[in-house]
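Beneath this line is the structure, given in structure tokens, with notes to follow.
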Amino acid sequence: MRNKRIRRAGPAAGLALILATVAGCSSDGGNNEDPIDTGDTSSPSPDAEGGEADDEAELVALYEAYWDAVIASENGEELDPQLFDGITTAGVMEQELGRIGTWKDVGGYREGAPVIENVTVTVDGDTARIEACKNEADWRLFQDGEELEDSLPESLTVPHPNVVTAERMSGEWLINASLPTDEATISC
């Protein structure tokens, strides 16, 4: 499957590191083939000329682009910071690449994509919160070319909340933080 093999410290240590990395900030679903199901859960726009509705549409597109970048990073062989350009702040990009890089250092990668549904956007001026239900059951985990079957915690293989925040900077929205699941206001 993959030509490049990375030597791991030991099976238990490598698996423990991968599971901690995946579960700790599990990036992070939608995939490049299936559109993210936004449902009808976005907050309604009070503004007839667009305004908040335009922001909500832009934020849903930003969230989709964020997941495209995360999926490409976790599924690909090389880390490419440019995937996050115009999508996240430098801090979020560094956090994601650091998390994924640690995982790749022990021979880890993924195939497939998570399923992201029920995207909810809340806009408050120049800040926003984007929440969705994510299921990683079909986003398979590999280490050194071998699938780690049944290695993801059950909490990741059923729909669970995913929360990010965004901020408008110089007229453009950027994802500026990924929040813990327990800070979600939605149920999945």
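The values are calculated or read from the model by the stated rules, or taken from the named source; none is laboratory data. All values reported here derive from a predicted model rather than from experimental measurement. Heads up, the Cβs are rebuilt from the backbone with ideal geometry, glycines too, and the neighbour counts pull from every protein chain shown. To get the accessible areas, we keep the full protein, side chains included, count just its heavy atoms, and leave off ligands, DNA and RNA. Shrake-Rupley method; radii C 1.70, N 1.55, O 1.52, S 1.80 Å.
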Can you list the strands (runs of 3 or more DSSP E) found entirely within region 82-148 that contain at least 3 residues being surrounded by 17 or more Cβ atoms within 10 Å (Cβ to Cβ), out of contact with any His (no Cβ under 9 Å at 6 or more places or on another chain) and not β-branched (Val, Ile, Thr)?
-> 108-112, 127-135, 139-143
Name the residues in region 149-188 that are open to solvent by 60 Å² or more (accessible area, probe 1.4 Å) and among the polar types (S, T, N, Q), would you?
-> SER155, SER170, THR181, THR185, SER187
Within the group THR165, THR122, which residue is under 26 Å from ALA90 (Cβ atoms) and touching an Asp or Glu at 6+ places or on another chain (Cβ under 9 Å)?
-> THR122
